[in-house]
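The values are calculated or read from the model by the stated rules, or taken from the named source; none is laboratory data. Predicted model, so just to flag it, every value in this text is computed and none were measured. As a convention, Cβ positions derive from the backbone with ideal geometry for all residues, glycine included, and neighbour counts pool all protein chains shown. Side chains included, ligands, DNA and RNA excluded: accessible areas come from the protein's heavy atoms. Shrake-Rupley method; radii C 1.70, N 1.55, O 1.52, S 1.80 Å.
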Amino acid sequence: AGPLPLDGKTAIVTSGPTREPIDPVRYISNASSGRQGVAIAEALAARGALVKFVTGPAEHARPKGCQIIPVETALEMEAAVNAALPADIAIFTAAVADWRVAEPADAKLKKDASGTPPELSFIANPDILAGVSHLPAGERPGLVIGFAAETGNLLTHARNKLARKGCDWLLANDVSPESGVFGGTDTEIVFLDGQDAEDWGPMSKVEVAERLAERIATRLEALT
Ligand code: C5P
């Protein structure tokens, strides 16, 4: 077998949900399965890349041939990504919680006699993708790729998100409940690379990963 297209390249892939504690036994999270992240990590590894896979507690969290870095919270994910730099490629598939509980309780919250529910207050989590996208040249990976999960006005939201986050490419999909994308095997991607929007049509998450990995290989070849 000859050389592989991503031999010698390093990639960071974030995946899965994050888990934000309320108290030692309760948390806030989301339904991300990690399926798309695993497929992407495996597609890159199969092409020779050294993949650092930073994953929240997901159903799918064990891509073959990758270094697996498990985390729970968004802050832990951010620290793990920073520790995994530098990299040639960074792909942010994780469904990071936008907010965390400002002051998680040290002990399990108890029902009080009156039955009054606790009041939770939230603070914003760091945007890990935007942080990496805006690193100075030299520290920033050459190719930074984000995902957008939207429920309507897909293209408008996706274009705004690409600009706001500062990433090179954005893969947007519709995650309305009737789409079955969250947790499912299939999806439908609109691919944005700055100027152009390409509709990839319905396909499996594995096919999305293959197509993306091919495109990454072509781009990195053009850059060198
Ligand atoms: O803003 P939104 O959550 O829709 O953006 C989605 C993209 O940003 C995904 O690529 C996701 O992994 C990334 N993201 C992140 N850190 C956050 C929120 C989102 O890396 N706190």
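Quick one: if the Förster radius is 25 Å, what FRET efficiency do residue 211 and residue 130 give, using the C-beta to C-beta distance and rounding to 0.05? Don't skip to the end; give the middle numbers.
Working: r = 25 Å, r/R0 = 0.99.
It comes out at approximately 0.50.
Please work out the Kirkwood hydrodynamic radius for the chain, using every pair of different C-alpha atoms, and report it in angstroms with one decimal place. Write down the numbers at each step before the final one.
On the way: mean 1/r = 0.0548 Å⁻¹.
Over the chain, the inverse of the mean reciprocal pair distance is 18.2 Å.
Can you tell me the relative contact order of the range 1-94? Whole percent, Cα pairs under 8 Å, sequence separation 6 or more.
On the way: 215 pairs, mean separation 36.3, N = 94.
It comes to 39 percent, rounded to a whole number.
Run the accessible area of the chain with a 1.4 Å probe and give the carbon-and-sulfur part as a rounded percent. Walk me through the numbers on the way to the answer.
Numbers: 5970 of 11410 Å².
The value for the chain is 52 percent carbon and sulfur by accessible area.
Out of all DSSP beta bridges in the range 92-224, what portion is antiparallel? Express it as a percent rounded to 5. Display every interim value, and only then the final one.
Values: 14 of 21 bridges.
Roughly 65 percent of the beta bridges in the range 92-224 run antiparallel, per DSSP.
Please check: in the Gaussian network model of the chain (C-alpha springs, under 10 Å), which one of 195, 36, 67 has the largest mean-square fluctuation.
195
For residue 186 and residue 198 in the same chain, what is the full-extension length gain: residue separation times 0.36 nm, less their Cα-Cα distance, in nm? Mind dumping the intermediate values first?
Working: separation 12, 0.36 × 12 = 4.32 nm, distance 1.76 nm.
Extra length available between residue 186 and residue 198 comes to 2.6 nm.
Pick from 65, 48, 152 the residue whose mean-square fluctuation is largest in a GNM of the chain, springs joining Cα atoms under 10 Å.
152
Antiparallel as a % of all DSSP beta bridges within the range 11-60, to the nearest 5? Mind dumping the intermediate values first?
Numbers: 3 of 8 bridges.
Here the antiparallel bridges make up roughly 40 percent for the range 11-60.
Taking the chain as a Gaussian network, Cα atoms linked when under 10 Å apart, which of 179, 33, 114 shows the biggest mean-square fluctuation?
114
Using the Cβ atoms and a cut-off under 15 Å, what net charge is assigned to the surroundings of residue 161, where Lys and Arg are +1 and Asp and Glu are -1?
Details: positive: 159, 164, 165; negative: 98, 127, 150, 168, 174, 193.
Within the 15 Å Cβ shell, the charges total -3.
So which lysines pass the test for residue 9, namely a Cα distance under 25 Å, with those fewer than 8 places away in the same chain ruled out?
Cα-Cα hits under 25 Å: 52, 64, 165, 205.
What relative contact order, as a whole-number percentage, does the chain give when Cα pairs under 8 Å and 6 or more residues apart are counted? Walk me through the intermediate numbers first.
Details: 471 pairs, mean separation 43.2, N = 224.
Dividing the mean separation by the residue count of the chain yields 19 percent.
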